[in-house]
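Here the structure comes first, spelled out in structure tokens, and everything after it is commentary.
The values are calculated or read from the model by the stated rules, or taken from the named source; none is laboratory data. Predicted model only: the values in this text are computed from it and were never measured. A quick note on method: Cβ atoms are made from the backbone with ideal geometry, for glycine too, and the neighbour counts reach across all protein chains shown. These area figures cover heavy atoms from the full protein model, side chains too; ligands, DNA and RNA do not enter into them. Shrake-Rupley method; radii C 1.70, N 1.55, O 1.52, S 1.80 Å.
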Amino acid sequence: MSGTAINKYYYSRYMLVQEEKNQEEHPFKEQIWQLFQSADRANIEMALSWIKSLQIPMFRELEELKVLYMASCEQVVKQMGSKEIQQLFALEHLFIQQRSLYRIPEVLGRLQNLKKLSIFHSQSRRLPASIGQLHQLEELQLQMSLMEELPEEIGQLQQLRRLHLGQLSVSFLPEEIGQLQQLEELQIVACPIKVLPASLGKLSFLRKLVIEQGELVRLPKSIGSCCQLEELSLRNNRLECLPSKVASWQKLWRLDLSQNRLKRLPFALARLPLLELLNLDNNELEKLPTIKNWGQLSELSVRGNKLAKLPATIGLLQQLKTVRLENNQLLDLPLSIMDLEGLQSLNYQENPLRQKDLDPQLFLWLTNNA
């Protein structure tokens, strides 16, 4: 490379650095952004004219705003005008479904009115730290993207009530997740998360926790502190046991632990008075706990386990309507099962039950209720 070419190269690099520096350090930058964020047309027009009349280099963020606008409304925008900027700053719900979006710009944090943010099919590997500035955000959905991590600034979303993650490359949650004091619903589907942070126990308003199709091997003991839990689904993970402090889930009515590696259940699980739906399919359970306190239970499914018998107390569950026992090691059924007056469906196929081993009265009852 000749000396002239080298000089031109370094000069162009110098001018580029100077331009970026001017954009970042211009004394009117924050005032102009305040005009933009007002979402008022007159203010936005003033900001645009101010940039032009003072010959201020066009802010990089305006180009990023253009990217967000095009990604959210699928329109081709040659130049950001007051209409487009006004629409973005007034947005309460931003839905981005754009495979060509390789980076979610920091300018996202400028959209102060956002209450719901949904990002699908993005190629971006992380959220910008500026997401912590979305103080009105109530719902965050991230689905089917290459995202590998969540920024710790997510803990600043003090109004967040619903967080949904699906088909991401995220393998852990930041400890700051415990700062989401208003979070009511956390759903994580098809993400390679193996453990959850201990700070999860600080989510005192959490009502629904769904972690499915993942690699979860254990739950933190602190999860027992989530006393407001009403629905818990851990279907299709790698759990081998549950923490003993599950008795605090006194409001739980739906529990799905199917397709795990559970060999036993904590005795405290029997003390859940509002439980209505319980799915334990496809585990390695050899017995169930005493279940006399499940007075509201209407559906019990324990297919694909190693159960040799059922608790005699099953007859006390007068709300029970559906029982699924297929593919176990049952040699007999307790006589108390005949006391289930509301029972509508009983499936016990693929068990080594033999007529000669059954009580005649029970056999007759099973025949009449098949």
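Within the range 178-199, one or more residues are of a type in the set (Ser, Thr, Tyr) and closer than 18 Å to CYS226 by Cβ. Assess whether LEU257 counts as being farther than 24 Å from GLY166 by Cβ and open to solvent by less than 10 Å² (accessible area, probe 1.4 Å). Spelling it out, it is not the case that LEU257 is farther than 24 Å from GLY166 by Cβ and open to solvent by less than 10 Å² (accessible area, probe 1.4 Å). Screening GLN349 on (1) without any contact (Cβ under 8 Å) to a residue 24 or more places away in the chain; (2) under 22 Å from LEU265 (Cα atoms) shows it passes everything except condition (2). Out of all the residues in the range 312-325, is one or more of a type outside the set (A, V, I, L, M, F, W, C), exposed (fewer than 15 other Cβ atoms within 10 Å of the Cβ) and in a helix (DSSP H, G or I)? For the range 312-325, residues of a type outside the set (A, V, I, L, M, F, W, C), exposed (fewer than 15 other Cβ atoms within 10 Å of the Cβ) and in a helix (DSSP H, G or I): absent. For LEU262, the requirement of being open to solvent by less than 30 Å² (accessible area, probe 1.4 Å) and either part of a strand (DSSP E or B) or at pLDDT 95 or above (or both) is met.
Does any residue of the range 293-310 turn out to be over 21 Å from LEU257 (Cα atoms) and either surrounded by 14 or more Cβ atoms within 10 Å (Cβ to Cβ) or without any contact (Cβ under 8 Å) to a residue 40 or more places away in the chain (or both)? No. Taking the criterion of being closer than 21 Å to ASN328 by Cα, open to solvent by less than 10 Å² (accessible area, probe 1.4 Å) and assigned to a loop (DSSP other than H, G, I, E, B), would at least one residue in the range 268-275 satisfy it? So far as the range 268-275 goes, no, none of its residues is closer than 21 Å to ASN328 by Cα, open to solvent by less than 10 Å² (accessible area, probe 1.4 Å) and assigned to a loop (DSSP other than H, G, I, E, B). For the range 228-259, the set of residues classified as more than 23 Å from LEU310 (Cα to Cα) and in a helix (DSSP H, G or I) consists of LYS245, SER248, listed by residue number. For the range 295-309, a residue qualifies if it is within 19 Å of GLN344 (Cα to Cα), in a loop (DSSP other than H, G, I, E, B) and touching an Asp or Glu at 6+ places or on another chain (Cβ under 9 Å), and the qualifying residues are GLN296, LEU297, SER298, VAL302, ARG303. Does the range 201-220 include one or more residues that are aliphatic (A, V, I, L, M), closer than 30 Å to GLU148 by Cα and out of contact with any Leu (no Cβ under 9 Å at 6 or more places or on another chain)? Taking every residue of the range 201-220 in turn, none turns out to be aliphatic (A, V, I, L, M), closer than 30 Å to GLU148 by Cα and out of contact with any Leu (no Cβ under 9 Å at 6 or more places or on another chain).
Give the residues of the range 188-208 that are surrounded by fewer than 16 Cβ atoms within 10 Å (Cβ to Cβ) and out of contact with any helix residue (DSSP H, G or I) (no Cβ under 8 Å at 6 or more places or on another chain), sorted by residue number. The answer is ALA190, PRO192, LYS194, VAL195, PHE205. Restricting attention to the range 173-182, the residues that are closer than 11 Å to PRO151 by Cα and surrounded by fewer than 19 Cβ atoms within 10 Å (Cβ to Cβ) add up to 3. Screening SER124 with (1) assigned to a helix (DSSP H, G or I); (2) closer than 29 Å to GLY178 by Cα gives one miss only, at (1).
The set of residues from the range 331-370 being farther than 20 Å from LYS292 by Cβ, part of a loop (DSSP other than H, G, I, E, B) and not acidic (Asp, Glu) comprises LEU331, GLN344, TYR348, GLN349, ASN351, PRO352, LEU353, ARG354, LEU358, ASN369, ALA370. Regarding VAL217, is this residue under 14 Å from the mean Cα position of the chain (by Cα) and aliphatic (A, V, I, L, M)? Considered against the rule, which asks whether it is under 14 Å from the mean Cα position of the chain (by Cα) and aliphatic (A, V, I, L, M), VAL217 comes out as no.
Of everything in the range 55-101 that is in a loop (DSSP other than H, G, I, E, B) and at pLDDT 85 or above, the residue that is least open to solvent (accessible area, probe 1.4 Å) is LEU91.
If you filter the range 118-168 down to residues that are of a type in the set (D, E, K, R) and at pLDDT 95 or above, you find that the one that is least open to solvent (accessible area, probe 1.4 Å) is GLU139. The conditions of being within 13 Å of LYS306 (Cβ to Cβ), modelled with pLDDT of 95 or more and in contact with a strand residue (DSSP E or B) (Cβ under 9 Å, 6 or more places away or on another chain) are not met by LEU285.
Out of ASP357, ASP339, one residue alone is surrounded by fewer than 16 Cβ atoms within 10 Å (Cβ to Cβ) and touching a helix residue (DSSP H, G or I) at 6+ places or on another chain (Cβ under 6 Å). It is ASP339.
Restricting LEU366, LEU297, LEU346 to those that are closer than 22 Å to GLU230 by Cβ and of a type in the set (A, V, I, L, M) reduces the list to LEU297.
Here PRO352 passes the criteria (1) closer than 23 Å to LEU252 by Cβ; (2) open to solvent by 30 Å² or more (accessible area, probe 1.4 Å) except the one numbered (1).
With the condition kept exactly as written, say whether any residue in the range 270-290 is in contact with a Cys (Cβ under 8 Å, 6 or more places away or on another chain) and among the hydroxyl-bearing types (Ser, Thr, Tyr). Scanning the range 270-290, I find no residue that is in contact with a Cys (Cβ under 8 Å, 6 or more places away or on another chain) and among the hydroxyl-bearing types (Ser, Thr, Tyr), so the answer is no.
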